[in-house]
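Trainee: If you scroll down you'll find the structure; I have some questions about it.
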Amino acid sequence: MYRASIGITTSMNTSATKWIGQNADSLGVEGIWIGEDIGVGQEPSILSSLLLEGTTRARVGTGITPLAVHNVSTVARMAYTLQEVGNGRFVLGLGLGGIQALQRAGLKVDRPVSALRDVTLALRQLFNADSVTMKSELFNLTEFSLRISQPIDIPIFFGVRGPQMLRLAGEMADGVILSGPMEYLRYAMDTIDKVAHEREKTLREIERVVWLPTIPTFKGGSDRLAKQVVALVVADTPKQVLDLLDIDRNRADRIREVVAASGPKVGADLINQDFIDTFAVSGTKEHMIDRFEEIQKLGVTEVVLGPPFSGDWRGAMTEIFHEIHQRRGS
């Protein structure tokens, strides 16, 4: 059975985050993932610390830490601290950052695959208690170390999408955080598995986390908010991924243009039910969990619920997790 987790973002209010931390153990939540909205809202490492201290069983991870805006030495120190705070329950999710967010910040990574590879190599050496001297597109370290005497085990997950990035995940990552329609998820799994096979890695060594917008319709969820989120997802989806999908490509291109020019609130006007069904999980709790079980059949090891959160999302989340555990017989 897949692990059932909750996803939050730094732009959510603190009361929502606090409720999740207070209720995660009783709901049987197995993981909490924190997505960083670049330059917006709460500080992700502080959220991670609070959630690790407030729970006893849930694994807490960054989903993702955008490397284009964070110094690698700071990321290493943050991960080391959180791993100690959580007694081994922290996962470091890495990526470059969303397309739209990086563009708004005026940031561009010229060689994204090499940049992520270099950061991962440097972090692995630092976690191995080594001193690192390395220069790359995103950092320049000279004899830097964490000054630890023993190696520390911090899983590194990649939040990536394109074919080269997926191959890199199959080669280097302990897990991968994926988002997208079924056709894309199937393609992503196959790409990762092929590389893992080439590297003679056991497929179980690479965890597969799927994080989709989840929109319950049985507790007053906002259709408008759902459309805004899906508009942003479409805008952030690389063109080579959209090419894999059986969708109205003209509409998708228009959504991308509108979101880039005016934001997801305006792009929401172009979102129809087909796009919601393709890029999100929405409906009754029974229908949503049926979708999760379909996704699991692709080889997924973990499914993340939320956001967006609207209406009585606390009640919806409670009922969804109760239904999941009922189906497990636990």
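The values are calculated or read from the model by the stated rules, or taken from the named source; none is laboratory data. Fair warning: this is a prediction, and the values are worked out from it, not measured in the lab. Every residue, glycine among them, receives a Cβ derived from its backbone with ideal geometry; neighbour counts consider all protein chains shown.
Trainee: Hey, any hits in the stretch 134-146 for a residue that's of a type outside the set (Lys, Arg), under 28 Å from Met288 (Cα atoms) and either modelled with pLDDT of 95 or more or in a helix (DSSP H, G or I) (or both)?
Mentor: no
Trainee: Which of the residues spanning the stretch 126-141 are more than 30 Å from Gly180 (Cβ to Cβ) and surrounded by fewer than 19 Cβ atoms within 10 Å (Cβ to Cβ)?
Mentor: Across the stretch 126-141, the qualifying residues are Asn128, Ala129, Asp130, Ser131, Thr133, Met134, Lys135, Asn140.
Trainee: Quickly run through the stretch 106-163 and pick out the residues that are of a type in the set (Asp, Glu) and either over 26 Å from Gly39 (Cβ atoms) or within 22 Å of the chain's Cα centre (by Cα) (or both).
Mentor: Asp118, Asp130, Glu143, Asp153, listed by residue number.
Trainee: Right, here's the next one. Determine which member of the set Gly299, Gly311 is within 20 Å of Leu185 (Cα to Cα), modelled with pLDDT under 95, outside any helix (DSSP H, G or I) and not aliphatic (A, V, I, L, M).
Mentor: After applying the criteria, what remains is Gly299.
Trainee: From the set of residues in the stretch 121-153 that are out of contact with any Leu (no Cβ under 7 Å at 6 or more places or on another chain) and β-branched (Val, Ile, Thr), which is farthest from Gly175 (Cα to Cα)?
Mentor: Checked the stretch 121-153; the qualifying residue farthest from Gly175 (Cα to Cα) is Thr142.
Trainee: Now a separate question. Applying the selection to the stretch 75-100, what residues are surrounded by fewer than 20 Cβ atoms within 10 Å (Cβ to Cβ), among the hydrophobic types (A, V, I, L, M, F, W, C) and in contact (Cβ under 8 Å) with a residue 40 or more places away in the chain?
Mentor: Scanning the stretch 75-100 gives a single hit, Ile99.
Residue-wise test of (1) out of contact with any strand residue (DSSP E or B) (no Cβ under 6 Å at 6 or more places or on another chain); (2) under 30 Å from Ile206 (Cβ atoms); (3) surrounded by 17 or more Cβ atoms within 10 Å (Cβ to Cβ).
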position	(1), (2), (3)
Val233	yes, yes, yes
Leu242	yes, yes, yes
Ala260	yes, no, no
Val266	yes, no, no
Leu270	yes, no, yes
Gln273	yes, no, no
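Trainee: Cβ-Cβ below 8 Å, separation at least six or inter-chain, first residue in the stretch 25-39 and touching a residue at least 40 places away in the same chain (Cβ under 8 Å), second of a type in the set (D, E, K, R) and buried (at least 18 other Cβ atoms within 10 Å of the Cβ): which pairs?
Mentor: From the stretch 25-39, the pairs are Glu30/Arg59; Glu30/Glu302; Gly31/Arg59; Gly31/Glu302.
Trainee: Would you list the strands (runs of 3 or more DSSP E) that sit entirely within the stretch 1-98 and hold 3 or more residues that are among the basic types (Lys, Arg) and closer than 27 Å to Asp118 by Cα?
Mentor: none
Trainee: Restricting attention to the stretch 177-231, and to residues there that are over 15 Å from the mean Cα position of the chain (by Cα) and basic (Lys, Arg), which single residue is surrounded by the most Cβ atoms within 10 Å (Cβ to Cβ)?
Mentor: Out of the qualifying residues, it is Lys227.
Trainee: OK, next. What number of residues within the stretch 244-258 are surrounded by 16 or more Cβ atoms within 10 Å (Cβ to Cβ) and not aliphatic (A, V, I, L, M)?
Mentor: 1
Trainee: Read through the list (1) within 20 Å of the chain's Cα centre (by Cα); (2) among the β-branched types (Val, Ile, Thr); (3) surrounded by 20 or more Cβ atoms within 10 Å (Cβ to Cβ), then give the number of the only condition that Thr301 fails.
Mentor: Only one criterion in (1) within 20 Å of the chain's Cα centre (by Cα); (2) among the β-branched types (Val, Ile, Thr); (3) surrounded by 20 or more Cβ atoms within 10 Å (Cβ to Cβ) is unmet by Thr301, namely (3).
Trainee: Which residue, of Asp25, Asp110, is within 24 Å of Asn140 (Cα to Cα) and either out of contact with any helix residue (DSSP H, G or I) (no Cβ under 7 Å at 6 or more places or on another chain) or of a type in the set (Gly, Ala, Ser) (or both)?
Mentor: On inspection, the qualifying residue turns out to be Asp110.
Trainee: Condition (residue is closer than 22 Å to Ile99 by Cβ and within 16 Å of the chain's Cα centre (by Cα)) applied to the stretch 20-34: is it met by at least one residue?
Mentor: yes
Trainee: Got a sec? Which of Phe144, Phe158 is surrounded by 17 or more Cβ atoms within 10 Å (Cβ to Cβ), of a type in the set (Phe, Trp, Tyr), closer than 20 Å to Arg199 by Cα and touching a helix residue (DSSP H, G or I) at 6+ places or on another chain (Cβ under 6 Å)?
Mentor: Of the residues listed, the single one that is surrounded by 17 or more Cβ atoms within 10 Å (Cβ to Cβ), of a type in the set (Phe, Trp, Tyr), closer than 20 Å to Arg199 by Cα and touching a helix residue (DSSP H, G or I) at 6+ places or on another chain (Cβ under 6 Å) is Phe158.
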